[in-house]
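What follows draws every value from the coordinates through simple rules; no lab data is involved. These figures come from a predicted structure and were not determined experimentally. Ideal geometry is used to build each Cβ from the backbone, glycine not excepted, and the neighbour counts take in all protein chains shown.
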Amino acid sequence: MSETPTPTVLYLVPTPIGNLEDITLRAIRILGEVDTVLAEDTRTSGRLMQHLGLKKPMLSYHLHNEHQTVARLLTRLEAGERMALVSDAGTPGISDPGFLLVRECLAKGLKVECLPGATAFVPALLKSGFGAERFTFEGFLPVKKGRQTRLRELATETRTLIFYESPHRLVKTLEQLAEALGAERQASVSRELTKLFEETVNGTLTELAADFGGRPSIKGEIVLVVQGHKEERRAD
């Protein structure tokens, strides 16, 4: 006789980063089948659920409360409750809450599934034209402590570098990267991906800093892709 498969109790469900048509059929089905949806912002996810015609109990799960709520969630998951974890946009756990809950579920022997779906850095990487054979995803740079150290460490990284950044810190980050990696290092800034005003601008770090620094305002989520360091070839 075949063994009964272990039931999944936690699903990581990617949600659209902009265009609502990017949600998968499987994601819609799972959101409709679970008992509870854990949301980074229940208002944001509530609008998506309403758009999909789904009504489910929702719990707030974000960076500021995850340590306090994990134990209670584990108790419910161990009792057999099925939950879906979503972030405001994209795949939960990538520069968003999710890692802690997944780690604790696995430690308890609970089955976790992650659905494939929207992730902002993938289209930004491909639109940069730098190639996707080898890259490193750095997420958000440290805001203060350790920021300069991280920049120095990345100066000689030969793989394509990918960062997330907020609109109000973008120009400062471009300027600091230009100083640490070189003013002529090629880079690409993508914002508002999949939305009506989607934009990708390519150029040197200095050119991009001047471009965005001259704008009255910058809106939207930012993905910054920087070409890796090219080692100089030694003459034979």
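Quick notes on this one:
- For the chain, the number of Lys pairs separated by eight or more positions or lying on different chains, with C-alpha atoms closer than 17 Å, is 5.
- Normalised by residue number, the volume inside the convex hull of the Cα atoms of the range 81-196 is 157 Å³ per residue.
- Zone residues, the range 140-169, relative to Val201, backbone N less than 14 Å from point 7 Å out along Cα-to-Cβ: 167-169
- Comparing mean-square fluctuations of Thr158, Thr173, Thr119 from a GNM of the chain with C-alpha springs under 10 Å, the top value falls on Thr158.
- Against the chain, whose longest principal axis comes from its Cα atoms, helix 42-52 is set at around 70 degrees.
- Residues in the range 92-103 carry Karplus couplings, in order, of x, x, 9, 6, 9, x, x, 4, 4, 5, 4, 4 Hz; the curve used is 6.51 cos²θ - 1.76 cosθ + 1.60 with θ = phi - 60°, and Gly or Pro positions show x.
- Relative contact order (%) - the range 82-236, alpha-carbon pairs under 8 angstrom, separation at least six: 24 percent
- Counting all C-alpha pairs of the range 173-231, share separated by more than 14 Å (%): 53 percent
- Within the listed set Val143, Val223, Val201, the Gaussian network model of the chain (springs between alpha-carbon atoms below 10 Å) gives the highest mean-square fluctuation for Val143.
- Residues Asp211 and Leu20, FRET efficiency given R0 of 30 Å [Cβ-Cβ distance, rounded to 0.05]: 0.50
- Kirkwood-Stokes translational diffusion coefficient of the range 1-67, alpha-carbon pairs, 4 °C, 1.567 mPa s, µm²/s: 97 µm²/s
- Mean residue ellipticity (222 nm) of the chain, computed from DSSP H runs ≥ 4 via -39,500 (n - 2.57), nearest 500: -10000 deg cm²/dmol
- Alpha-carbon centroid distance for the pair the range 8-75 / the range 164-236, whole angstrom: 32 Å
- Using the average count of surrounding beta-carbon atoms within 10 Å as a protection proxy, the listed peptides 48-60, 26-38 rank, highest first, as 26-38, 48-60.
- Relative intensity, log₁₀ I(q)/I(0), of the chain from a Debye sum that treats every alpha carbon as a point, q = 0.07, 0.08, 0.12, 0.14 Å⁻¹: -0.29, -0.37, -0.76, -0.95
- When the P(r) of the range 8-114 is calculated, the portion above 16 Å amounts to 51% of the C-alpha pairs.
- Packing, taken as the mean count of other beta carbons within 10 Å per residue, orders the peptides 13-25, 122-134, 81-93 from highest to lowest as 81-93, 13-25, 122-134.
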